[in-house]
1. Could you please tell me the mean projected area of the C-alpha convex hull for the chain, averaged over all directions and given in square nanometres to one decimal?
2. If I model a spin label as a point 7 Å beyond the Cα along the Cα-Cβ vector, how far apart are those points for S57 and E19 in nm?
3. Please list 32-39, 21-28 highest first by mean number of surrounding beta-carbon atoms within 10 Å per residue.
4. Taking neighbour counts of Cβ atoms within 10 Å as a proxy for exposure, in what order, fewest first, do M30, M20 appear?
5. List the residues, sorted by chain then number, that are 5 or more residues from R11 or on another chain and whose placed amide H is less than 5 Å from its amide H.
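Values quoted throughout were computed directly from the atomic coordinates according to the rules given, and no laboratory measurement underlies them. Everything numeric in this text was worked out from a predicted model, so none of it was measured. So basically every Cβ, Gly included, is an ideal-geometry build from the backbone, and we count neighbours across all protein chains shown.
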Amino acid sequence: MASASVKVAVRVRPFNSREMGKESKCIIQMSGNTTTIINPKQPKESKSFNFDYSYWSHTTVRAAPAS
């Protein structure tokens, strides 16, 4: 049996019109292939994940994770 491998990609999409109308804030940050989700209620609580590929398509500036 041949071995198989799976590559995983993540993309941060731009806000849609509803999100822009609500003046939503982007809670995702990317640095290389690491994607961090910031808890807006407790910013020091964040979750980070590593992916094979990370694509930033959001309209805001891409930010490095908070330390």
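1. Here the figure is 6.3 nm², rounded to one decimal.
2. With each label point 7 Å from Cα toward Cβ, the separation is 1.1 nm.
3. Result, highest mean Cβ count within 10 Å first: 32-39, 21-28.
4. M20, M30
5. It is Y55, by chain and number.
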